[in-house]
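Have a look at the structure below before the remarks.
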Amino acid sequence: MSDKRLPGRVAVVIGGASGIGWASAQLMAEHGASVVIADIDGDHAAERAASLGAAARAQRVDVTDESSVEALFTSVSDDFGRCDVVLNCAGGSGIGLVADLDADVWRQTIDLCLTGAFLVVKHAARAMGDGGSIITIASLNARQPGAGFAAYCSAKAGVAMLTEVAALELGPKSIRVNAISPGLVETPLVAGITAVPTIQDDFTENIPLVRNGQPDDIAAAVLYLASEDSSWVTGEVLNVNGGGHLRRYPDI
Ligand code: NAD
């Protein structure tokens, strides 16, 4: 008997060309899924899909543009006739203390992290029809404030609540919606933090398991939420952060 967790499933990974999304795309492909790697960096997505072989394909998408998100799911339905798993990893952050924060930086972060998540959940739900698993990526910062990250923390708190509301609404259609809240995971997104030893040490000291996360740590949780192993789990915001949510967020 195969121990693959996603045989015959179609998984769409948005923000799938890098970091957490790419690790998750690889793991889901290993577990038998056909994977669509969607990313604003279409060339990088195409390289990644090519490296996974015949079961993968790529598409450029911008989660801040509803027509682009809609087009992604239309082509998934046209190509595969089904959509079982959707993971949204597109995200990033503008930085600034509240009293100095430029309103455009605030809007860009909310647009990318929160409105982008909303557009993905909306069109994923339509594409799934009668069953599937939608996974959003929130953050430790959804529930733990970090100075300088007002826009990001606010957006990720919104992603956690969006996930819970969507789970409530979509449960009767057998569509599960869950979020993962990572702590510090070593990806290109946080290279500016991990490159500074004093800041890096401050982070690590505040993680009870005393190490940074790796993209594979998050991918393992994605696989659980994507598969039938979590068939009675919805509306969950899962901390995968070495216990970092139990301590304070370091000042940067
Ligand atoms: P990453 O930068 O390695 O990957 C993000 C991917 O999203 C990139 O490939 C990028 O091209 C793509 N992207 C950016 N804007 C996009 C858009 N508008 N439309 C489509 N794709 C877009 O980052 P990562 O660390 O893997 O982060 C993934 C998610 O995890 C993000 O939502 C981030 O906020 C969240 N997160 C990361 C950490 C961490 O420490 N790395 C911690 C908590 C939460």
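Read-outs throughout are calculated quantities, based only on the coordinates presented, and are distinct from any laboratory measurement. The model shown is predicted, which means the values in this text are computed figures rather than measured ones. Backbone-built Cβ (ideal geometry, glycine too); neighbour counts: all protein chains shown.
Look at the alpha carbon pairs under 8 Å that are at least 6 residues apart: their mean separation over the length of the chain gives a relative contact order of 19 percent. Look at the dipole of the chain built from charges on Cβ: of A71, T234, A191, the Cα furthest out on the positive end belongs to T234.
Placing dummy labels 7 Å off each Cα toward the beta-carbon, the span from L189 to R82 is 3.0 nm. Peptide packing for 75-83, 192-200, 39-47, 216-224 was compared via the average number of neighbouring C-beta atoms within 10 Å per residue; ordered from the highest value, the list is 216-224, 39-47, 75-83, 192-200.
Here the average projected area of the convex hull drawn through the C-alpha atoms of the stretch 7-119 stands at 7.2 nm².
Taking 24 Å as the straight-line reach from the Cα of K122, the lysines in range (excluding those fewer than 8 positions away in the same chain) are K156, K173. To the nearest ten degrees, helix 19-30 and the longest principal axis of the Cα atoms of the chain are 30 degrees apart. When only the Cβ of Lys, Arg, Asp and Glu is charged (+1, +1, -1, -1), the dipole of the chain relative to its Cα centre reaches about 540 debye. Taking 0.36 nm per residue of separation and subtracting the current Cα-Cα distance, fully stretching the chain between D104 and T198 would add 30.8 nm. Taking the number of Cβ atoms within 10 Å of each Cβ as an exposure proxy, the fewest-first ranking of F73, F118 is F118, F73. Put the Cα centre of the stretch 53-110 next to the Cα centre of the stretch 111-157 and the gap is 10 Å. Across the stretch 15-158, the relative contact order, built from alpha-carbon pairs under 8 Å that are at least six residues apart, equals 22 percent. Taking label points 7 Å from Cα along the Cα-to-Cβ direction, D216 and D3 give a separation of 1.5 nm.
Helix 116-128 and the long axis of the chain differ in direction by around 20°, with both axes built from C-alpha atoms.
Per residue, the convex hull spanned by the Cα atoms of the chain measures out at 125 cubic angstrom. Helix 215-226 axis versus longest C-alpha principal axis of the chain: approximately 50°, rounded to the nearest ten. When each of the peptides 202-215, 85-98 is scored by how many other beta carbons lie within 10 Å of its residues on average, the order from highest to lowest is 85-98, 202-215.
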